[in-house]
Amino acid sequence: MKFGKEFKKEMVPEWIEAYVDYTGLKQILQEIRRFKESNQHPTPATSLDQRLALYRNFSGLNLQGSVQNTSDIENQVIAVNTVPHENYRKFYKTKFLASPEGAENEISFFDKLDHEFNKVNTFYKDKVDEVMREVTLLNKQMDALIALRIKVMDPGFNAFPSLQSLSLDINNSTPSRITSPLRMTVVDTDDMPVSPSFDPTYGRQVSMTNASYPKLPINRNSLRENRDTDSQKTDPLEILDHVKIVNTFESPISTIRGVLSESKENDLSYKKEELKKVEHRLKLIFIEFYQKLSHLKHFSYMNLSAFSKILKKYEKITSRKAARSYLKMVDNSYLGSSEEVTSLLDRVETTFIKHFSQSNRREGMKILRPKHKREKHRITFMSGFFSGCSIALLVAVILLRDDRKLIDKDEGTSYLDKIVPLYSFYAYIVLHMLLYAANIYFWRHYKINYAFIFGFKQGTELSYREVFLLSNGLAMLVLAALLMHLHMNSRAEVYGTHIEYVPLGLIMVLLSITFCPFNIIYRSSRWFLIRCVFRCICAPLYKVTLPDFFLADQLTSQVEAIRSLEYYICYYTWIKPSHGHNMCQSHNVYNIFYFILAIIPYWFRFFQCVRRLFEEKDQAQAYNGLRYFLTILAVVIKTAYVLRKSLTWEVLVILSSLITTLFNTYWDIVVDWGLLRRKSKNKFLRDKLILHHKSIYFTAMVLDVLLRFAWLQLVLRFNVHSLQGSTVSSIFACLEVIRRGMWNFFRLENEHLNNVGKYRAFKSVPLPFAYHEEDDHKEE
């Protein structure tokens, strides 16, 4: 694989704008090559031995002021100088020493190269600053954790050695700040006017930092000698007097307590359950922190490789010696010389293994470095096999229907109307799964980090092949049951009433697979789905995450599938199975709930918006909640119109339906997709686009408007006289599922671009402890 493709493949998707523009630099080099070939000026040849000697001297050189080598200065074509910049940062500027005649492209190349290097170096420096501030917070969090462990597990244990050894684990051989565990401290150095500091109460930043970090000196001998003396002077467990538990309101109980007490922090209870929760949250924080360090190390390595590769290409094309001088500067820059990340990786591994994996290095490293999921050939084979079986079974069902002439007889048509709603439920689910598989394929193709957006654990996310396998497997199972049902019905005298229990047996099989506790058929994904569904049902009591409201949005497009569940209940409880769908519709209770069930998904989303409004104080959530409330109101008005038909109710139905449709369409395109921006570089779209063809976005907007009217028919059930039976509802239900599949792609594209704009590549896990500083200097 060529380096350019490998470089693009290895990028962190959310940091893609921070990487060196390797493709842009190559394009400039191609222009230089075309210029050289068109002018055909002879260039000084460089022997292979001279080039090898030059490449051997790329590293290990020192940079002082401008980069020059006095021994071969006549061969150098550039000089790299440091330029002072704001915030005490070093910026680099290359001066082209060769004759500028005909070298405009080469000057442009080095200008671009300088710009890209300064961008990469600044980004890396800022991220390391951020990491070092997090180290200070993690030190204090771990001190509190060890103290809490001792207090809960063994109150009589001498706490000082444990706390001191922890300090050595995290701080030794790593850059750090000399910060008191309970007080905010600002350290002045000669190279750095102001060092960063953090507010101890939940990590609020006080001042920004500069570049270099002083190492924390630790005298192990003095620590050993003074350990007993220090333990007599101060009790390390006193740290718990300054600590409270941060209430994240992630569970119903914590939410209710938070509403009643109106406090975001709770006093320590010193119970084992509390200790387990704290350990679990800190474990997640360390995993995310380690991933961030790993990405930073890889970011540095890939960019350094890119600069080396592009300079080699420049020397090969121009036969000028420039790589040596520029790489000297790169090696001595913060990007090339910083060792903070490497040191921190080692110390985080040691700390995590010791305190979160019971000193089992193998288990600890499995958690910190989960293996990437490998594509298996048998998945592709089984997907093809199931899809082939599904097509064959579908053909068999059609042939069996025509052979028995069910469609031509009134009795047969009535029978199909009775059983089709029992199986159409699965058709909507299969169609939705196929569209989700297509979404995953295009998300991966366009480097949209859907696994991070949904919060999937690395190595457990389903690929499009696996989703395609599950959808085809479900389709095969449903079609096999339908074929068996039709065959048994033709021999009703043999099977009797047992025929009617085939659909019920099918749904029981699927429920048993879904809730199967054994580690088969993607257990982690099944539990993730069940957890999200449960959180949707209990929407106001749980903290709303993106998977929760994304799933609730999917449910709003499965109204007809939810109504099929009502038909299941009616079919097997209220009436005799032989009577079928018409008898269900004769019940007023059934008809009322037929409309009420359409409200349930929107009710979930409404409560999720209310929860986010109170939690995030975001006014947009109020408008979003209003949108779902208007949808609920439109369904209620339609229900009232069905029960009491009058001109007034008919006018109210039309008005509420139009307002709801227009509001939802506007929200889809403008808010969820981020399109139709007034001041966008791309007219009527947005500044950043992942798809290269702009016409796709305009086509999607038009389709969304048209298919929204299909959604209107689905929810409100207007009569279409040209279509009979359940055909109209099935057609519009499928159109709504297709619209949702299209919506899914552009919704996640917009979310991914928002993450890219904020360089947000890691989950934010709230810290478990909040420090409360006692101000000893109040009396002055």
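The stretch between I107 and L483, if pulled fully straight at 0.36 nm per residue, gains 128.1 nm over its current Cα-Cα span. Note on L676/V509: beta-carbon distance plugged into 1/(1 + (r/R0)^6) with R0 of 45 Å gives a FRET efficiency of 0.45. Restriction of the GluC sites (Glu not before Pro) in segment 325-389 to DSSP coil positions whose beta-carbon has at most 11 other beta-carbons within 10 angstrom yields E339, E375.
Here the contact order of segment 318-473, divided by its residue count and restricted to Cα pairs under 8 Å and six or more residues apart, works out to 27 percent. Each residue of segment 103-110 is assigned a 3J(HN,Hα), and the resulting list reads 10, 4, 5, 5, 5, 4, 4, 6 Hz, derived from the Karplus form 6.51 cos²θ - 1.76 cosθ + 1.60 (θ = phi - 60°), x at Gly and Pro. Between F3 and E616, the modelled label-to-label distance comes to 4.2 nm, taking each label 7 Å out from Cα in the direction of the beta carbon.
Of the residues L293, S305, Y334, the one whose Cα sits farthest toward the positive end of the charge dipole of segment 277-351, with +1 on the Cβ of Lys and Arg and -1 on the Cβ of Asp and Glu, is S305. Computed about its Cα centre, the charge dipole of segment 446-523 is approximately 320 debye, with only Lys, Arg, Asp and Glu carrying charge at their Cβ. Counting heavy atoms of the protein chains alone, M742 has an accessible area of about 40 Å² for a 1.4 Å probe. In segment 252-400, Cα pairs under 8 Å separated by at least six residues give a relative contact order of 21 percent.
Once you have a ≥ b ≥ c as the square roots of the Cα gyration tensor eigenvalues for segment 548-630, tell me rounded if a/c is under 1.5, and otherwise prolate or oblate according to whether a/b is larger than b/c. Because a/c hits 1.5 or more and a/b exceeds b/c, segment 548-630 counts as prolate. Work out the FRET efficiency for F550 and N591 from their Cβ-Cβ distance, taking R0 = 45 Å, and round it to the nearest 0.05. My answer for the efficiency is 0.90.
Computed from the alpha carbon atoms alone, the convex hull of segment 450-570 holds 139 Å³ per residue.
Its Cα centre serving as origin, segment 568-683 has a Cβ charge dipole (Lys and Arg +1, Asp and Glu -1) of approximately 380 debye.
At a probe radius of 1.4 angstrom, the accessible area of segment 583-703 per residue rounds to 57 square angstrom.
Averaging the sequence gap over all C-alpha pairs within less than 8 Å and six or more residues apart, then dividing by the number of residues, gives segment 277-344 a relative contact order of 35 percent. Spin-label model, H772 to S319: label points 7 Å out along the Cα-to-beta-carbon direction sit 7.7 nm apart.
Label positions at Y572 and K271, each projected 7 Å from the Cα along the C-beta direction, are separated by 3.9 nm. Remark: the K457-E650 segment gains 64.5 nm on full extension, using 0.36 nm per residue and subtracting the alpha carbon distance. What the Cβ-Cβ distance of E17 and K297 gives, at R0 = 22 Å and to the nearest 0.05, is a FRET efficiency of 0.70. Positive-end ranking of L647, W673, L689 along the dipole of segment 637-691, with charges on Cβ about the Cα centre, is headed by L689. The trypsin sites (Lys or Arg not before Pro) of segment 603-691 meeting both criteria, a DSSP state outside H, G, I, E and B (loop) and at most 11 other C-beta atoms within 10 angstrom of the site's C-beta, are K617, R644, K645, R678, K679, K681, K683.
For segment 497-600, applying the loop criterion from DSSP together with a ceiling of 10 other beta carbons within 10 Å to the chymotrypsin sites (Phe, Trp or Tyr not before Pro) yields F515, F518.
The values are calculated or read from the model by the stated rules, or taken from the named source; none is laboratory data. All values reported here derive from a predicted model rather than from experimental measurement. So basically every Cβ, Gly included, is an ideal-geometry build from the backbone, and we count neighbours across all protein chains shown. To get the accessible areas, we keep the full protein, side chains included, count just its heavy atoms, and leave off ligands, DNA and RNA. Shrake-Rupley method; radii C 1.70, N 1.55, O 1.52, S 1.80 Å.
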